[in-house]
Amino acid sequence: MKTYLVTGGAGFIGSNFIHYMLGKYGDSIEIINVDKLTYAGNLENLKDVENLPNYHFVKADICDKDAIRAVFHDYDVDRVIHFAAESHVDRSIREPELFVKTNVLGTANMLNCAKEAWELPDGSFREGKKFCHVSTDEVYGSLPEDPDAYFYETTPYQPHSPYSASKASSDMLVKAYHDTYGFPMNITNCSNNYGPYQFPEKLIPLMINNALAGRKLPVYGDGRNVRDWLYVEDHCKAIDLVSEKGISGETYNVGGHNEKQNIEIVKTIIEVLREELSDDDPRKANVSEDLIEYVEDRKGHDRRYAIAPDKIHKELGWLPETMFREGIRMTIKWYFDHMDWMEHITSGNYQQYYEKMYGDRKVIG
Ligand code: NAD
Ligand code: TYD
């Protein structure tokens, strides 16, 4: 039985990953979910698995040495799947130090505790152990609009936001543990994810939520920044594959070959919402392109991200499976079926967040 220590498992990708893994492997694996439950962590995401005997939740901060050491003491962990992070660029612009603390120091603590648990007296590591660090394409910086330019595993790091700089630092630390100690690890650098359980601070769920409420859809700058969107389950499959078959020390880029301008995404959401809402649903009348409002740009806004996933395809056989329009439709239907989930997380603190981020943003068109 393989034991997975998943950090940040109550967040968006982490909770999708736990569902995917328990669905695929059933009771032949054990999962320990370590999460601090920040604003982004929500145990409601895991309601349907919380009573399984092979799933355990530990509320802890990844920066807490004693708490993380205790998890490695209590369980014989085979894999760390390290998701826990502060993940939102706009928040990092307002509060950079929190990103350094969680993403850099938290990762350093996870590495130290794993090394301590897995290292043998001769300096080698116990068989079958590996640390899989989940990272982002944003570490590579921004690409020109040239459609032939892509991020490869060999592209030099050039992060621009406090978020991407902190993730880049954490990637470097993970690599340094491999190069210095022979520590068993992989890094995945993935493009933008979308799908169920994503917190409505990120583009796609924010637009779905606002459109359904008849609120303005705030598009930053000229709306032509490009992101490469991947359905979250495809990302989970890639992480599982890398965890199983990835060669220690290697990095794998994960992406959907699905580049879209932000404005195209917003218009697609409006179209699919209109197709999915029945004619007698009062929300349908609100959902139109009239809601689009161009607002003051994000500071330091990266223009284009585009991943070349050639290595993970050629070496491990991974390919994205979900077409974008189908993925957006599934996501929208999921939000329709989980309006109570959305209501719970958008009450209270979310209103203050929204006011702080968007309240004084200049409208430019
Ligand atoms: P998220 O913000 O939805 O979830 C983060 C989770 O980490 C939350 O459950 C939160 O409670 C937990 N957490 C935060 N600080 C913690 C701490 N100090 N100790 C313990 N737990 C803590 O993030 P996400 O979108 O699911 O992203 C997960 C990982 O994937 C991140 O490392 C992110 O950089 C990476 N990633 C995300 C995307 C994306 O599009 N969302 C793309 C590529 C890579
Ligand atoms: P986001 O979902 O925050 O992901 P990231 O910044 O990590 O790529 O944003 C995706 C794109 O959408 C990015 O170019 C910023 C833009 N955006 C808006 O135009 N309006 C919004 O309200 C948000 C949250 C994002």
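Every read-out reported here was derived from the displayed coordinates using simple, explicitly stated rules and does not represent laboratory data. On a predicted model such as this, the values are computed, not experimentally measured, just so you know. Every residue, glycine among them, receives a Cβ derived from its backbone with ideal geometry; neighbour counts consider all protein chains shown.
The relative contact order of the stretch 1-151 comes to 24 percent, based on Cα pairs under 8 Å that sit 6 or more residues apart. 3J(HN,Hα) along the stretch 314-323, derived from phi through the Karplus expression 6.51 cos²θ - 1.76 cosθ + 1.60 where θ = phi - 60°, amounts to 5, 8, 10, x, 7, 9, x, 10, 9, 5 Hz, with x in place of Gly and Pro. One quarter of the surface of the convex hull around the alpha-carbon atoms of the stretch 280-365 equals 9.5 nm², the direction-averaged projected area. Evaluated with a Cβ-only charge set (Lys, Arg +1; Asp, Glu -1), the stretch 185-263 carries a dipole of roughly 400 debye about its Cα centre, given to the nearest 20. Would you mind working out the magnitude of the charge dipole of the chain relative to its Cα centre, with +1 at each Lys and Arg C-beta and -1 at each Asp and Glu C-beta, to the nearest 20 Debye? Approximately 460 debye in magnitude.
Taking the square roots of 5 times each eigenvalue of the Cα gyration tensor of the stretch 1-85, largest first, gives ellipsoid semi-axes of 18, 16, 10 Å. Sorted from greatest to least, the principal axis extents spanned by the alpha carbons of the stretch 12-161 come out as 50, 44, 32 Å. What separates the Cα centres of the stretch 104-163 and the stretch 1-75 is a distance of 20 Å.
Between the residues ALA176, PRO320, LEU241, the greatest Cα displacement towards the positive end of the dipole of the chain, with unit charges on the Cβ of Lys, Arg, Asp and Glu, is found for ALA176. If you take every residue apart from LYS59 with its C-beta less than 10 Å away from the C-beta of LYS59, what net charge results, scoring Lys and Arg +1 and Asp and Glu -1? Computed value for this residue: -1. For the chain, the C-alpha radius of gyration divided by 2.2 N^0.38 Å, with N the number of residues, is 0.98. In whole angstrom, the stretch 74-143 maps to an equivalent ellipsoid with semi-axes of 29, 13, 10, each derived as √(5λ) from the alpha carbon gyration tensor and ordered largest first.
Three semi-axes describe the equivalent ellipsoid of the stretch 158-276; taken as square roots of 5 times the Cα gyration tensor eigenvalues and ordered largest first, they are 34, 16, 12 Å.
Taking a straight Cα-Cα cut-off under 21 Å and skipping sequence neighbours fewer than 8 places away in the same chain, the lysines within cross-link reach of LYS356 are LYS202, LYS216, LYS299. Simple point charges give the picture: +1 on the Cβ of Lys and Arg, -1 on the Cβ of Asp and Glu, and for the stretch 222-365 a dipole about the Cα centre of about 540 debye.
For the stretch 55-175, the tally of Lys pairs with Cα-Cα distances below 17 Å comes to 9, considering only residues 8 or more apart or on different chains. Only lysines eight or more places from LYS24 in sequence, or on another chain, were considered; those with a Cα closer than 17 Å are LYS2, LYS237, LYS245. Pick out which of VAL49, VAL134, VAL89 has the largest mean-square fluctuation in a Gaussian network model of the chain, springs linking Cα atoms closer than 10 Å. Looking only at VAL49, VAL134, VAL89, the largest GNM fluctuation is found for VAL49.
Would you work out which of MET185, THR136, LEU105 lies farthest towards the positive end of the dipole of the stretch 94-248? Charges go on Cβ: Lys and Arg +1, Asp and Glu -1. Of the candidates, LEU105 comes out farthest on the positive side. With respect to the chain, whose longest principal axis is taken over its alpha-carbon atoms, helix 203-213 is tilted by about 40°. Taking label points 7 Å from Cα along the Cα-to-Cβ direction, HIS257 and ASP27 give a separation of 4.2 nm. Taking 0.36 nm per residue of separation and subtracting the current Cα-Cα distance, fully stretching the chain between GLU315 and ILE364 would add 13.0 nm. Annotation for ASN349 and ASP290: the two label points, set 7 Å from Cα along the Cα-Cβ direction, are 3.6 nm apart.
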